[in-house]
Amino acid sequence: MDMAYKFAKAGIVTISGMAAGVDSLAHRGSIKGEGGTIAVLGCGLDVIYPKSNKGIYKDIVEKGGLLISEQPLGMPPLKRHFPLRNRIISGLSNTVIVVEAKEKSGSLITADYAIEQGRDVYAVPGNINSIISKGCNRLIHQGAGIFLSPEGFLCDKGYIEMEELYTNDLQKNKKNLALMNNKVYSCLDLYPKTLDEIIRETKELPQVVLEEIISLQLQGAIKEVGKNRYVQSSF
């Protein structure tokens with residue numbers, strides 16, 4: 001989602017298949033970044049699949065995005081349609097980025113189409129023991145570009161200058177260092193902690209902790225997931 005958001009801010013249109021998971025996040029990120037997004041469906045345009053994507057479907061239409069399909073109206077999402085529609089996704093794209101892929105994955109089908117169509121292919125590297133990274137790592141072994149960050153990719157493609165990339169990284173590192181030195185932030189992780197637990201672990205006065213919590217929330221570094229229960233935010 002963060003990747004698509006930053007691409008949208010750079011003026012890049014994100015194209016995906018509106019499937020659950022990475023596809024949905026890509027569309028959401030583009031919409032959040034007020035950018036263009038195209039969803040290539042494996043069913044009729046009047047069929048929302050999966051049903052959990054009803055909100056995304058509506059947002060794409062209302063925000064000026066595009067929904068396309070080669071299937072007639074009313075056509076259900078049959079399994080054979082999805083590998084076929086991947087050639088359209090790659091064909092509309094200048095560059096295909098594979099974020100997650102098992103050894104046998106629809107993403108790899110898209111990558112194969114992209115190579116045949118002369119498109120650039122990038123893959124996000126992952127743990128060699130992770131099932132969802134095996135396909136990406138194989139693509140990199142076969143010569144795909146290595147996608148390490150949205151900023152690095154934008155720099156490679158000429159959307160931002162190297163100097164701007166270094167400046168962004170420096171600012172991010174300074175922010176991360178400041179957060180790590182913050183007692184309230186450091187005592188939190190992805191599991192919710194109550195206000196009392198934070199006060200006890202930081203050994204700070206309640207008023208000091210409350211002020212830090214408000215400051216960190218405004219920065220987007222932490223979020224409240226229940227009444228007085230907090231976790232670190234994932235950037």
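The values are calculated or read from the model by the stated rules, or taken from the named source; none is laboratory data. Note that this is a predicted model, so its numbers are computed, not measured. All Cβ positions, even for glycine, are placed from backbone atoms using ideal geometry, and neighbour counts span all protein chains on display.
With respect to the stated conditions, E204 fails to be at pLDDT 85 or above, in contact with a Lys or Arg (Cβ under 8 Å, 6 or more places away or on another chain), more than 21 Å from K6 (Cα to Cα) and not in a loop (DSSP other than H, G, I, E, B). Under the condition of being more than 19 Å from D156 (Cβ to Cβ) and surrounded by 16 or more Cβ atoms within 10 Å (Cβ to Cβ), the residues counted in segment 114-131 number 1. Condition check for P50 on (1) within 20 Å of the chain's Cα centre (by Cα); (2) more than 22 Å from M3 (Cα to Cα); (3) surrounded by 15 or more Cβ atoms within 10 Å (Cβ to Cβ): one failure, at (3). Residue pairs whose Cβ atoms lie under 9 Å apart, separated by 6 or more positions or on different chains, with the first residue in segment 69-96 and closer than 15 Å to L45 by Cβ and the second part of a helix (DSSP H, G or I) and hydrophobic (A, V, I, L, M, F, W, C), are S69/I88; E70/L84; E70/I88. Any residue at all in segment 121-142 that's over 19 Å from S16 (Cα atoms), without any contact (Cβ under 8 Å) to a residue 24 or more places away in the chain, outside any helix (DSSP H, G or I) and of a type in the set (V, I, T)? Yes, the conditions are met somewhere in segment 121-142. Being of a type outside the set (S, T, N, Q) and modelled with pLDDT of 95 or more is the requirement here; does I132 meet it? No: the conditions fail for I132.
Looking at segment 185-193, is at least one residue at pLDDT 85 or above, assigned to a strand (DSSP E or B) and buried (at least 16 other Cβ atoms within 10 Å of the Cβ)? Yes; the residues of segment 185-193 include at least one that is at pLDDT 85 or above, assigned to a strand (DSSP E or B) and buried (at least 16 other Cβ atoms within 10 Å of the Cβ). Restricted to segment 201-210, and to residues there that are under 12 Å from K183 (Cβ atoms) and of a type outside the set (V, I, T), the residue that is nearest to the chain's Cα centre (by Cα) is E201. Just one of the numbered conditions (1) surrounded by 13 or more Cβ atoms within 10 Å (Cβ to Cβ); (2) over 19 Å from the mean Cα position of the chain (by Cα); (3) among the polar types (S, T, N, Q) is not true of S107: (2).
For segment 68-104, filtered to residues that are aliphatic (A, V, I, L, M) and in contact with a helix residue (DSSP H, G or I) (Cβ under 6 Å, 6 or more places away or on another chain), the residue that is surrounded by the fewest Cβ atoms within 10 Å (Cβ to Cβ) is V99. Only one entry of G42, G64 meets the criterion of being surrounded by 12 or more Cβ atoms within 10 Å (Cβ to Cβ), of a type in the set (G, A, S) and touching a residue at least 12 places away in the same chain (Cβ under 8 Å), and that entry is G42.
Listed by position, the helices (runs of 4 or more DSSP H) inside segment 1-112 whose residues that are hydrophobic (A, V, I, L, M, F, W, C) and closer than 21 Å to F147 by Cα number at least 1 are 2-9, 22-32, 81-92.
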